[in-house]
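To keep things clear, I will list the structure first and then write my remarks on it.
Quick note: the coordinates plus some simple rules give every number you see, no bench work behind them. In this text, all values refer to a predicted model and were calculated from it rather than measured experimentally. We place every Cβ from the backbone using ideal geometry, glycine too, and count neighbours over all the protein chains shown.
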Amino acid sequence: MRGDLAYALGGLGDPSVIPLLQAALDDPHEHVRRAAEWSLGRLGEGSSKGV
């Protein structure tokens, strides 16, 4: 469910969610990390962390 939320946040296009998505990059679940990475990319905030 958190991964789906991360995808949805990226779809909003609102840069105010970037800190939340960056925090999700440390989630223990791969699905959440991948969703956060995708969403950050969509918002133009790529990550230096590999997923």
Helix-only mean residue ellipticity at 222 nm for the chain, each DSSP H run of n ≥ 4 adding -39500 (n - 2.57), per residue, nearest 500: -18000 deg cm²/dmol
Which value in nm describes the separation of the simple spin-label points at residue 16 and residue 31, placed 7 Å from the Cα toward the beta carbon? 2.8
